[in-house]
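Novice: Sharing a structure with you now.
Read the figures in this text as sums done on the coordinates, not as results from a lab. Computed from a predicted model, the values in this text were never measured in an experiment. Cβ placement follows ideal geometry from the backbone for every residue including glycine, while neighbour counts extend to all protein chains displayed.
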Amino acid sequence: MAAFSPAPEAPSSPSSSPWLAIVGIGEDGRAGLSPAAAAALDAAEMVWGGRRHLALAGPLRAETRAWPSPIDAAYPEILARRGRPTCILATGDPFHYGIGAEIARLVPPGEFRAYPQPSAFSLACARLGWSLPDCACLTLHGRALPLILPHLQPGARLLVLSWDGTTPARVAALLTERGFGRSRLIVLEAMGGPRERVRGATAERFDLAGIDPLNTLAVAVEADPGARVLALSPGLPDALFENDGQLTKAEIRAVTLAALAPRRGGRLWDVGGGAGSVAIEW
C-alpha cells in the first residue's frame, strides 16, 4: 500500500457533527442493515466501497465511487468532503481486519459513526459451534502464507480470512508439508447470503473445487507424529534459517532474546557478519 500522509488535523471537539458513516454490509445486502445503518447510507451524498459492496447496497441515490488501487488513493477525496454526508461500505465488522481502523487514523472518532455487522469470524463460529475466544483469528488477505505457521499448534482452532478461492488448497498443501495432514479444514463460502456453502476435508485429502473467492477458512489443527511445530518461546530451530553454518545457535538466541526483553515497538540493530538470526527472531 502506498504511503499517504494527510495534513495534520485539529482534534474534533465534543460537539463536532459526524459527517462520515462506516457501514458494514453482509451478503444479504440491504435486508441485513439496521434501520440506523440504512438511514445513514441513504443520507449520504457519496458512497465509497468495493464493487461488490456497492451492488449489495443498491439501489443507491447517492453518487458512488469504487475503491481505486491502491485504496489509499481515495483518502484525499474522502477527507476533502469533511462536513458533507459521506458513507464508506465495508464487509461485516469494519474494525476487524477491515477499513475502519485505517479510516480512524485519518478521521477523529467524533466525526464518524460506525455501523458494524457480525464479522466473518463470528459467523463462522455460529456455523461451527466454536467458541470465538478460543480461536486464533488471522487473515491471509494480501499477506504471506507462512504467517500461519506459528499458529499451527496441536489442538488449536484457526479462523482465517482467505485471499481468494485458491487460499484453502494452498493452506492444505502447507499443512500437509509441515506434518499436519490430518487437520480438518472447513471452507465457509459467502456466509450470510443466498450463495452460502460450508464444506470440509482433511488437509492431506483436500479436493474441494470451485471455491468462492469470498471465503473464510476454519482449521482444526491436528499434528501428525513428527510434525514441524514451531515453539512459542524464543529459539527457533536452526534448520529454519538459510545459512552457511555461521549462525548463532538456538539456545544462545533464546538466552539473548530473553535478556534483551523485546517490547512492542522496539527496534534492534543487529550488527554482525552472520545470518542476522537474532534480528529475525526479534
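Novice: Please compute the length gained on full extension between Glu63 and Arg184, using 0.36 nm multiplied by the number of residues separating them and subtracting their Cα-Cα distance.
Specialist: 39.1 nm
Novice: Let me know the Kirkwood hydrodynamic radius for the chain, please, with Cα pairs as the basis and the value in Å to one decimal.
Specialist: Kirkwood hydrodynamic radius for the chain: 21.6 Å.
Novice: Here's a follow-up. With only alpha-carbon pairs counted, each pair once and no self-pairs, how large is the Kirkwood hydrodynamic radius of the range 238-281 in angstroms?
Specialist: Radius from the Kirkwood sum: 11.2 Å.
Novice: Obtain the nm distance between the two label points defined at Arg105 and Arg82 by a simple spin-label model: each point lies 7 Å from its Cα along the Cα-to-C-beta direction.
Specialist: It is 1.8 nm.
Novice: For the range 233-265 and the range 148-184, compute the distance between their C-alpha centroids and round to whole Å.
Specialist: Comparing the Cα centres of the range 233-265 and the range 148-184, I get a distance of 25 Å.
Novice: List every residue whose amide H lies under 5 Å from the amide H of Ile25, counting only residues 5 or more places away in sequence or on a different chain, with H placed 1.01 Å from N in the peptide plane.
Specialist: Amide H to amide H, under 5 Å and 5 or more residues apart or across chains, Ile25 pairs with Ala90, Thr91, Gly92.
Novice: Determine the percent antiparallel among the DSSP beta bridges restricted to the chain, to the nearest 5.
Specialist: 45 percent
Novice: If you don't mind, another one. Once every Cα of the range 121-220 carries one equal point scatterer and solvent is ignored, give the base-10 log of I(q)/I(0) from the Debye formula at q = 0.22 Å⁻¹, two decimals.
Specialist: So the normalised log intensities are -1.20.
Novice: Are there GluC sites (Glu not before Pro) in the range 173-282 that DSSP puts in a loop and that have at most 12 other Cβ atoms within 10 Å, and which ones?
Specialist: Sparse-neighbourhood loop GluC sites (Glu not before Pro): Glu242.
Novice: Next question. Can you give me the angle between helix 167-178 and the longest principal axis of the chain, using Cα atoms only, in degrees from 0 to 90, rounded to the nearest 10?
Specialist: With rounding to tens, the tilt is 10 degrees.
Novice: Same structure, new question: Whose amide H sits under 5 Å from the amide H of Gly181, counting only residues 5 or more places off or on another chain, with H placed in the peptide plane?
Specialist: Asp224
Novice: Quick one: 3J(HN,Hα) in Hz for the range 110-126, Karplus 6.51/-1.76/1.60 with θ = phi - 60°, rounded, Gly and Pro as x.
Specialist: Values, residue by residue: x, 9, 9, 10, 10, 10, x, 10, x, 6, 4, 5, 5, 5, 4, 5, 5 Hz.
Novice: Amide H of Ala114 versus every other amide H placed in the peptide plane: which residues, excluding those fewer than 5 positions away on the same chain, fall under 5 Å?
Specialist: Placed amide hydrogens put Ile22 under 5 Å from Ala114.
Novice: Pop out the Kirkwood hydrodynamic radius of the range 13-157 from its pairwise C-alpha distances, inverse of mean 1/r, in Å to one decimal.
Specialist: 16.5 Å
Novice: Helix 250-260 against the longest principal axis of the chain: what's the angle in degrees, Cα atoms only, rounded to the nearest 10?
Specialist: 50 degrees
Novice: Quick one: net charge around Ala36, please, counting Lys, Arg +1 and Asp, Glu -1 for every other residue with C-beta under 13 Å from its C-beta.
Specialist: 0
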